[in-house]
Every structure is written in C-alpha cells, then in structure tokens.
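Only one structure is covered here, and it is reproduced in the block below.
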Amino acid sequence: MNKKQKMALIRIIISAVLVIAFRFIPEELKIVRFVAYMIPYLIIGYKTLIKAFKGILKRQVFDENFLMAVATIGAICLGDYSEGVAVMLFYQIGELFESYAVGKSRRNISELMDIRPDFANIEKDGTLEQVDPDEVEVGSIIVVQPGEKVPIDGVILEGNASLDTAALTGESVPRQAKAGDEVISGCINLNGLLKIRTTKEFGESTVSKILELVENASSRKSKSENFISKFARVYTPVVCFSALALALIPPVINLIMGNPADFTEWIYRALTFLVISCPCALVISIPLSFFAGIGGASREGVLVKGSNYLEMLSEVKYVVMDKTGTLTKGVFEVTEVKPADGVSDAELLEYAAYAESFSNHPISKSLKASYGKEIDQNKVKNVEEISGHGVKAVVNGVTVAVGNNKLMDSMKLDYVKCTKAGTICYVAIENKFAGYILISDKLKENSKDAVKAMKAAGVKQTVMLTGDAKAVADEVAGELGLDKVFSELLPADKVSKVEEILALKQSKEQLAFVGDGINDAPVLGRADVGIAMGAMGSDAAIEAADVVLMDDDPAKIAKAIKISRKCMRLVYENIIFAIGVKLICLVLGALGIANMWVAIFADVGVMIIAVLNAIRALRVKNL
Amino acid sequence: MKKTYGIEVDCANCAEKMEAAAKKTAGVKDCTVSYMALKMTVEFEEGADVKAVMKEVLKNCKKVEDDCEIFF
C-alpha cells in the first residue's frame, strides 16, 4: 500500500468505528445524533464533497463524486444518517480496493515482464565497471557474469554458458551458448562467464523492443473496451435522469390523483438509483482483463500487440501456415540412408560426404553434418562437378558418383528409384549403384500435436501454403493432418490465396496467418491476425506481425488461441455480470424493494468481484 | 507524430474522461489513455507545437478530472 492508500484506510477505520458507536445514541436526541454522524461523514467524505463541489463549478455534474455527494446528502436530509454515512464509507472502501487491486496487478504484470537489465559490465583496465545499458555503443565488449541478464544483443566472443530464456519464451529448458553464437538480451546467464561484442544499441535490442511492445499493447483498444466506454458515457446520464424522473413524476401523479405525494419515499428510491449509477465496475474490469491476459501471455512467450488482437485471436477459425520454418525446421537434414546390398549405412554416408566435401551446396553441408567426422580432403582426388547432375570423385582410390536420377541415368546404372519427398542423392561406387540418401526439411517434433491442439481449440480449417513442390507439400500435409494445402506458390500467390480464404469465411470468423517473418510480411499484414514465430532477435517479424511467438514452437499457436479465449470469457462474464446486477438492482430500487444497502452492493460489491475475476486472466500457464 | 506520456489518475472512469478531453484539444489528432499502464499516447497533428498542445491537454484534463497529472 502506498501512502495515499494507507491514509484512506485509516479514515475508513476511524469512521467505521464511529458509525458503529453512534448507533447507541438514543433516537430522541435528534440534534446530537445529527452532529455526531457528521463527524464520520466528513472524515470519510470530505474529499469526495470537495471534488463534487469543484465538479459543479466546472460543469462536470455526472461525475461519481457528485453522485455520491447527492446520494449521501439526500439520505442525511431524509434523516437516514447512518445510511448516508455508510454509503460514503462503502464507496471509499470500494475506491481503496480498486486502487489497491489495480496497483497490485499492475506490479504483478510488470514483475512478470521484469526483463529490463539494470546495467552492463564493461571491462576497463582489468576491472569491471557497471554502466547504464543505454550508454553502451555498438561494437563494445561487455561482460556478463553468472546470474546476470544479458543487457544488449550481441555475439559471444569468449566463454560458454547455459542461458535461461524463460522470461522471453516461456521455455524452461536452458539454451546452451558458446563462442560465436548470437545471444539476445533478456536471457539470464546461469553459469558461465561470457564476453559479448554488442551488435545493437540498447534501444534496438530485443529486450527494449519487447518491453515497448507489451507496454503499448493496452493503447490498442478492443471492440469490447470501446463498447464499454460508450456504454459508460450513456449509462450514467440515463440513470441520473431516471433518478430525477423517479423523484418527481410519481409524487406529482399522486398529487394529481389526490393521494398523498409521499416525496420522502420516492426521493429515497431515486437516491438508490444514483448509488448504482457509477459504471466503475465495468470501466475498470474490462481493460484489466485484457491487461492481465496480455501479461500472462507474454510470460508464456506469446506477445500480443494489442487488446484488439487478443480479441480477434479468440475468434480465429482459420489458421493458414507457412511450411518452411513454421511447421518444418527450415534446415535440410539427412532423414534416410538406404544402402544397397553389401554396403553399410556408415560406408554410404562416408563416401557421399567425401565426394561432396569440396562443395558448399546446402546438400553437401547436410551430408557433412550427418557424417559428423573430420574430413581429410587429401583423400579426395579428381573432383568433377557435373552441373544439374551431381559430382564424381575418387575417394581413397575408389570412384564415387553422387547425384540425382539424371546422373544415374547418364551412367546407365541399374538403381532403385526413391519416390519419397525431398532431395534424393543416389550414390554409385565403382560404377555400381550403392544406395541413396534422402535429404529433407524435417518436421518440427511438435508440429503434429500443434495441429491437433488447434483443432481441439475449435479451429475449423488448417491450411498450409508453400513454395515447395507438390509431392513434398502433400506428404507433409498428410502427415500433419492438415485440411488443405496449396503448393508451388510464389510469395505473391500466398497473398492471393489468403485473400481467397478471407472471401470464403464468415465475417465473424477470423483468419490467422502464421509465418516465420521472413518473406511473408505482406501476408502477415493481409490476414486478420498475423502471427510471426521464432521471432527471437528478428526485428522484421516483430514489426510486421500482430502476435509474436518468441520461440519457434508451433504448439504456441493453439496456446495463444486458448489464452485469448480465456481472457474473452472473463471479459464477457464481467460485462454480463456487472450490467446484469446493476439493471436488476435498478428495477428493484425503482419498485422500492432494494434499499440503499443493495445499491451499495451493486456498486462496490460488483466492482470487487469483477476485478477479482479479471485478474484470473493472468493465470494461463496450464491452459 | 505520436508520443507517449506517463500519467497519474485515480480511477478508470477518470482515465476515460481524460481521453475524451484530450481528444477534443486542438492539435491532437488522436489520443488513447491506458489506465492499466498509466500511459497516455497522443498523436499530434502535422506541425503542432507539442509542448503547447500538451499544456492545453493537461488544462482540459484538469477540467474534467481535478486529480490528474500528465508528465511531459
């Protein structure tokens, strides 16, 4: 609690004690009772009264201070001293709770996002000096000790360490980093001593970008928030005028009909109206739900750029995904080694790797990576590259040919054709077919589960777009269980495909496009919700997308949808609950069934419950 | 041009009122106030004198909500 809140609490306690004590003053001592009750009333309400008075001077009559002042003064004038003071008392309790709860969740959320580094270590004359990260120039060398955060993006010069990226990605397994690796700011160095050459300024580093993004997220308001602002703007004046009508019309009708006017009763009912008229429960709980939802999501490595996107995400029915880098790793790897009779796996791979050892082609790189051992290039002679076919070489005195089916055909060899998707390297040793090696882009381990999870989360259609060949695309789509696949697309075709799907869907359904942020910025922009994945360190993706998945785990897509659903459920719960309770209380108040106490519940009680409900949006870990 | 300022205000409804008041200020193209983040993002009109406009914004906000502050 801060000082202001503590003062408010003290005032509340003192006046509560006084109100209870003054109940024992006998009814007959009217003046004494009045004077006595004025003490707690002024203690608790003087600020509100002053504000209400200032409001009148500035012609701001429909403000809650004014309402409370009118309602309580009205009650006191009617002789209901304790009720008048109690309304003010509960109003203040509500205010205190609101400011405490909001302050606390604000702190909670900023703690979640506590990735801002406080300093950077710079080595000077053999000693470490702590400086403001803002002052470190690009290309400086900084030192990160165990337990410290990496303050600025850079490349490791010396040392290796495990890095905890949980605050950025939600991933709990630490990442290993060694000299030559790029590191992004916001990771925590768990064990080693790292020397890092910075490649960016602090303001351009990942950490700053993320913080900026999350902090600005609440300024992009959702439809629900705009609805509530508009509602609040209409609600308060309508209730106030209804209160005025309620105070005047029935008594006047009574008079005309020749009955007793009963002004006291109707004014009392009108005053209960005024107490219910404050829209605070709504106005606070809806943005709070979004704020908490965005905070909780960012803790899971899902950055949502605005409340509006969180809202749209919850209505996603179509998920269109890019293949390479999103569903697959985007790295070519040897996925199958199939030797012919009399040749071993290791032999086949060794010959292929040696024959290709002089090439820098991605295929030869994957062969070498899969072989894994040091290659002695002296053993390789007479390398002959045959463009569009492959390569021939003499390895350890043995002639080896590695290439595609055209090479095999041109050598007139009898070979086993492979029909699998991917790049196939046929290998011939001493002019005899020795087997093939399949190189393909591997699916991410959890792509399949991710697609299933999306379906379970209510996504109607999962679509894959790719520039790859039809055979490759169909195999991947089949394995993952995707609904539709469009292959052999140029980048521009992807936009038109997304537009086709956009035209088909109903207006309430949203389409999300998921890409890795490379080459697909136009598509990210065209979709209702653009989701970029694997964005650690990629500025382009962070710029272009509406939702950013910090690591490249496709399972986060379903997670993001679920988080948004939970958040929206809380938002609707709060809207319906708060408006519902208030309307019921208004009706009951007009009929004279609900008294001031019910009205206080409708105001303060609803607000407290709505705020507590809204804070639940923070808890998204186990969704 | 867009700029973001820290604000101080006590209740959510008051923040809404500040937003409405700031939007009406001459030189302000658009404005959003986030009560949760305690931030006001102001989009200025082309060629507006930021300092002068912000003074007006604060004045207008004070009119609707006495107890508010904008840090600029």
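Since every read-out is calculated from the coordinates, none of them should be taken as a lab result. Just so you know, these numbers come straight off a predicted model, no measurement behind them. Every residue, glycine as well, gets a Cβ built from its backbone with ideal geometry; the counts of neighbours run over all protein chains shown.
Odds and ends about this structure:
- Among A:395, A:259, A:375 - extreme Cα towards positive end, dipole of chain A, charges at beta-carbon: A:259
- Pairs exceeding a 31 Å alpha-carbon distance, out of A:200/B:39; A:317/A:417; A:420/A:455; A:338/A:455; A:51/B:55: A:317/A:417; A:338/A:455.
- Three-way shape label, the range B:30-72, alpha-carbon gyration tensor, a/c 1.5: oblate
- Under the convention that each Lys and Arg Cβ holds +1 and each Asp and Glu Cβ holds -1, the size of the dipole of the range B:2-71 around its Cα centre is about 180 debye.
- Charge dipole (debye, nearest 20) of the protein assembly as shown; +1 at Cβ of Lys and Arg, -1 at Cβ of Asp and Glu: 2180
- Taking all Cα pairs closer than 8 Å and separated by 6 or more residues, the relative contact order of the range B:2-71 comes to 43 percent.
- Modelled this way, with points 7 Å down the Cα-to-C-beta line, the labels at residue A:32 and residue A:172 are 6.7 nm from one another.
- Antiparallel content of DSSP bridges confined to chain A, in %, to 5: 75
- Dividing the convex hull volume of the alpha carbon atoms of the range A:268-382 by its residue count gives 196 Å³ per residue.
- For chain B, the alpha carbon positions stretch 33, 22, 18 Å along the principal axes, listed from largest to smallest.
- Mean-position separation - Cα centroids, the range A:311-352 and the range A:85-160, in angstrom: 40
- FRET E, pair residue B:71, residue A:17, Förster distance 45 Å, beta-carbon r, rounded to 0.05: 0.70
- Anisotropy class assigned to the range A:457-562 is rounded, per the alpha carbon gyration tensor with a/c under the 1.5 cut-off.
- For A:236, A:466, order by how many other beta-carbon atoms lie within 10 Å, fewest first: A:236, A:466
- Three-way shape call for chain A based on the alpha-carbon gyration tensor, with the a/c threshold at 1.5: prolate
- Range of Cα positions in the range A:342-485 per principal axis (Å), largest first: 61, 33, 29
- When the Cα positions of A:186, A:459, A:489 are compared along the charge dipole of the protein assembly as shown, A:459 comes out farthest toward the positive end, with charges on each C-beta of Lys, Arg, Asp and Glu.
- Among residues other than residue A:359 with Cβ under 11 Å from its Cβ, the summed charge is 0 (Lys and Arg +1, Asp and Glu -1).
- Inter-chain neighbour count for A:230-241: the average number of beta-carbon atoms from partner chains within 10 Å of each residue's beta-carbon is 1.
- The Rg/Rh ratio for the range A:227-297, using Cα coordinates for both the radius of gyration and the Kirkwood hydrodynamic radius, is 1.28.
- Modelled spin-label separation between residue A:483 and residue A:262, with each label point placed 7 Å from Cα along the Cα-to-Cβ direction: 6.0 nm.
- Each part gets one Cα centre, and for the range A:409-450 versus the range B:2-18 those centres are 63 Å apart.
- Ranked list, fewest to most other Cβ atoms within 10 Å of each Cβ, for A:125, A:553: A:125, A:553
- Cα centroid of the range A:559-578 to Cα centroid of the range A:19-45, whole Å: 45
- Per-residue Karplus couplings for the range A:405-422, computed as 6.51 cos²θ - 1.76 cosθ + 1.60 with θ equal to phi - 60°, are listed in order as 5, 4, 5, 4, 4, 5, 8, 6, 9, 8, 9, 7, 6, 9, 9, 6, 6, x Hz, Gly and Pro entered as x.
- Assigned charges on the beta-carbon of Lys, Arg, Asp, Glu; the range A:330-443 dipole about Cα centre (debye): 180
- Reach of residue A:373 by Cα under 17 Å, taken over aspartates and glutamates that are not fewer than 8 positions away in the same chain: A:333, A:345, A:347, A:350, A:356
- Among A:622, A:240, A:78 the positive-end extreme of the charge dipole of the protein assembly as shown (Cβ point charges): A:78
- Longest site-free stretch - chain A; sites: GluC sites (Glu not before Pro), DSSP loop, at most 12 other Cβ within 10 Å: A:138-373
- Spin-label zone in the range A:3-25 - amide nitrogen under 20 Å from a point set 7 Å from the Cα of residue A:47 along the C-beta vector: A:3-19
- Normalising the average separation of contacting C-alpha pairs (under 8 angstrom, six or more residues apart) by the number of residues puts the relative contact order of the range A:65-215 at 22 percent.
- Over the range A:137-200, the hull volume per residue, using the convex hull of the C-alpha atoms, is 64 Å³.
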